[in-house]
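> Sharing a structure with you now.
The values are calculated or read from the model by the stated rules, or taken from the named source; none is laboratory data. Quick caveat, the model's predicted, so the values are computed rather than measured. Cβ sites come from the backbone with ideal geometry, for glycine too, and all protein chains shown count toward neighbours. Surface areas here come from the heavy atoms of the whole protein model, side chains and all, with no ligands, DNA or RNA. Shrake-Rupley method; radii C 1.70, N 1.55, O 1.52, S 1.80 Å.
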Amino acid sequence: IPCWVSENLVDWEWAGWAYGKGNKENPETTIACAPEVIFYQGWFYLIESQTGEGHYVFRSKNPNGPFERVSENLGGKIDGTFYLADDGELYMASATLTGIAYRKVTVTEKSGTAEISFGEPKSLESATLSNAWTEGPGYFTRNGYSYVTFTGNHVDSAAYRVGYSYTTSDFI
């Protein structure tokens, strides 16, 4: 997973490899899609998905890495994302062929080593583009509303679009 940094989102500088070099020695990042980083409990956590082949979670003290893998393949389809709820609980969501699945993430520190566990995936019924492919989930809350955004119909499709759902309670 290559890492670039920018102060202004226009000019970018090479920062090195966040993890591996996408080779046979690091098969979980051979086709790393949609990597995302979140700061949680003193660590930076990175999630990446292999094109339709599941997700891995990594962690580092530096947002540029290097990251170490802290999970086995979690399954799911594509575009894993983290969601930090208002109550401080961390969740992971990923797109499926028919919508979005989410699960609670629990991180426990023991002697400087992270023990990370994931709850059972649950389906988010209100986030789907009918019978189309759904990808790119995102969550946020503003002014008493919880929103979930998603895209679909495959990025190469002329019918590619963005959808959203909202509620006055929390989706999770």
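> On the accessible surface of the chain, probed at 1.4 Å, how many percent belong to carbon and sulfur atoms?
That fraction is 50 percent.
> Grab the Cα-Cα distance for Lys122 and Asn64, subtract it from 0.36 nm times how many residues apart they are, and report the gain in nm with one decimal.
17.8 nm
> Let me ask another. If each of Asn8 and His154 carries a label point 7 Å out from its Cα toward its Cβ, how far apart are those two points in nm?
Result for the modelled spin labels: 3.9 nm.
> Now, a different point. Sort 159-165, 8-14 by packing, meaning the average of other beta carbons within 10 Å per residue, with the highest value first.
159-165, 8-14
> Any idea of the accessible area per residue across the chain, 1.4 Å probe, to the nearest Å²?
Using a 1.4 Å probe on heavy atoms only, each residue of the chain averages 56 Å².
> About the Cα centre of the chain, how large is the charge dipole given +1 on each Lys and Arg Cβ and -1 on each Asp and Glu Cβ? Please answer in debye to the nearest 20.
160 debye
> Sticking with this structure for a sec: Could you work out the mean projected area of the convex hull around the alpha carbons of the range 52-147, in square nanometres to one decimal?
7.5 nm²
> Kindly report, to the nearest 10 Å², the accessible surface of Lys122 as traced by a 1.4 Å probe over protein heavy atoms only.
We get 120 Å² for Lys122.
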